[in-house]
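Participant: Quick one: this structure, given as structure tokens, is what I'll be asking you about.
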Amino acid sequence: MEDQAALARRFRDFGRATSKASPLYGHLSLAIAEDPNVIELLRVAPAPQQIPVLLFAAVHDLLLRGLGSELAAYYPNLTVAVAEGDPYPIFRQVALDHREVLLQTIATRNTQTNEVGRCAYFLPVFAIVADEVGPLAHLDVGTSAGLNLAWPKFSYRYDSQPIINSGSIVVVDCSTRGAPPLPKQLPQLARAIGLDVAPIDVADEEAVRWLEACVWPDQPRRFSQLIAAIEIARSSPPDVRAGDAVIAVGKLIDELAEYGHPLVTTSWVLNYLGESGQRAFVAAVDEVGARCDLSWVVAESPAQTPGLPIPGAPDEEITVLSLVTWRRGRRVVRRLATAHPHGAWMNWE
Ligand SMILES: C[S@@+](CC[C@H](N)C(=O)[O-])C[C@H]1O[C@@H](n2cnc3c(N)ncnc32)[C@H](O)[C@@H]1O
């Protein structure tokens, strides 16, 4: 367990690092760093989860339950006119007033994401693959709630120009550099399956609320985008299977090969596997690729995935987008772009 001083430092560092991206969390974090009674709430989490964003998500979750509504006035995603003044005294009061609920959340939840904005950089790669091989059978590994499996139901807008499907309640917006080959129409999807070691059921109110709570309140568009994607998923629930990436990937690719060209995606999941797990994952996909044509779109940080065969510097923390193909048993790796972690921009190489 982290000692109080180490946790205080963690809040201070987080506050300094995020004050631009998230003025609300930046400010609150610097105030928490000086407040042992609030820092202490985080100590019920397992050591690797004793991170400021877990406490912030737990308080956000309270607000989404309708508790502590006086604090919601400071959250840009929960109000139309954000209250003026220092939100910390109210944040502190709400956190301490709901201490028991907070401790229960902090002790049992991990931070979670399912980022539909990442479909912005998937789409051109899907089109490259579909142009070559025809209808796609998509397996999203580390799919979370499976929201990105609904990519054909989203609208896409690049550099403010709508290009596909205008009219969806989810509009994936991306600014581009370089010249990404933007498709004029959606690639054909024959079948889609998601795989996750701890999948989120979109019908589970509490689990979905937690996913929403993990979005930073200073990103109201991302927050409403997530809610819209959940609505789409609820109207047509994705086929999400529970299982470990390394163990289940081969079997699911075989299942999908009956429907179309197997296309695997991984976005910000293989960092959870560690280097040996990453190597084992590649070996499992390689094993299928030796006997069946398939493609794998990788959106991961090279610094956090040294076990992948992707060109990238060992300290490259940014999302690198690559396409790995197996054709007649031969594996080819192509690095395509760098991207914002949530898909807000991509730089096509
Ligand atoms: C940061 S989230 C990313 C979710 C999604 N890929 C996206 O881009 O929005 C990582 C996901 O990977 C899942 N995960 C972690 N380790 C896994 C494993 N060994 N096998 C399958 N899924 C895993 C987590 O449960 C979580 O849902």
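Participant: Please give the net charge around LYS251, taking every other residue with its beta carbon less than 12 angstrom from that of LYS251, where Lys and Arg add +1 and Asp and Glu add -1.
Facilitator: Working: positive: ARG241; negative: ASP244, ASP254, GLU255, GLU287.
Taking every Cβ under 12 Å from that of LYS251, the sum is -3.
Participant: Along the positive direction of the dipole of segment 76-160 (beta-carbon charges: Lys, Arg +1; Asp, Glu -1; about the Cα centre), which of ALA130, LEU102, PHE154 reaches farthest?
Facilitator: The listed residue farthest towards the positive side: LEU102.
Participant: Over all distinct Cα pairs, what is the inverse of the mean 1/r for the chain, reported as the Kirkwood hydrodynamic radius in Å? Mind dumping the intermediate values first?
Facilitator: Values: mean 1/r = 0.0471 Å⁻¹.
Taking the inverse mean of 1/r over all distinct Cα pairs, the chain comes out at 21.2 Å.
Participant: Please state the charge dipole magnitude for segment 116-348, taken about the Cα centre, from unit charges on C-beta atoms (+1 on K and R, -1 on D and E), reported in debye and rounded to the nearest 20.
Facilitator: Numbers: 20 positive and 26 negative charges, 155 e Å.
Once rounded to the nearest 20, the dipole reads 740 debye.
Participant: Just want the ordering: TYR259, TYR272, from fewest to most Cβ atoms lying within 10 Å of their own Cβ. All intermediate terms of the calculation are to be shown ahead of the outcome.
Facilitator: Working: TYR259 16, TYR272 12.
Neighbour counts put them in this order, fewest first: TYR272, TYR259.
Participant: Work out the FRET efficiency for ASP3 and ARG335 from their Cβ-Cβ distance, taking R0 = 41 Å, and round it to the nearest 0.05.
Facilitator: Numbers: r = 42 Å, r/R0 = 1.03.
According to the calculation, E is roughly 0.45.
Participant: What is the extension gain from ASP86 to ARG209, computed as 0.36 nm multiplied by their sequence separation minus the C-alpha to C-alpha distance, in nm to one decimal?
Facilitator: Numbers: separation 123, 0.36 × 123 = 44.28 nm, distance 2.63 nm.
Between ASP86 and ARG209, full extension yields an extra 41.7 nm.
Participant: Let me ask something additional. Please report the net charge: other residues with Cβ closer than 13 Å to the Cβ of THR18, K and R +1, D and E -1.
Facilitator: Details: positive: ARG10, ARG12, ARG16, LYS20; negative: ASP13, ASP218.
Net charge in that neighbourhood comes out at +2.
Participant: Which distance in nm do the two modelled labels at ALA47 and VAL197 give, with both placed 7 Å along the Cα-to-Cβ direction?
Facilitator: The modelled label-to-label distance comes out at 1.8 nm.
Participant: Along segment 103-117, what does the Karplus equation 6.51 cos²θ - 1.76 cosθ + 1.60 (θ = phi - 60°) give for ³J(HN,Hα), rounded to whole Hz, x for Gly and Pro?
Facilitator: Listing the rounded values in order: 4, 4, 5, 5, 6, 10, 10, 10, 5, 9, 9, 9, 9, 5, x Hz.
Participant: Mind pulling the per residue volume of the convex hull built on the Cα atoms of segment 1-147? Å³ is fine. Working shown, then result.
Facilitator: On the way: hull volume 22.2 nm³, N = 147.
It is 151 Å³ per residue.
Participant: What does the charge count around GLY274 come to, taking other residues whose C-beta lies under 14 Å from its C-beta (Lys +1, Arg +1, Asp -1, Glu -1)?
Facilitator: After counting each charged neighbour, the total is -2.
Bear in mind that the values in this text are calculations on the coordinates, not laboratory data. Quantities reported herein were computed from a predicted structural model and do not represent experimental measurements. Note: ideal-geometry Cβ built from the backbone for every residue, glycine included; neighbour counts use all protein chains shown.
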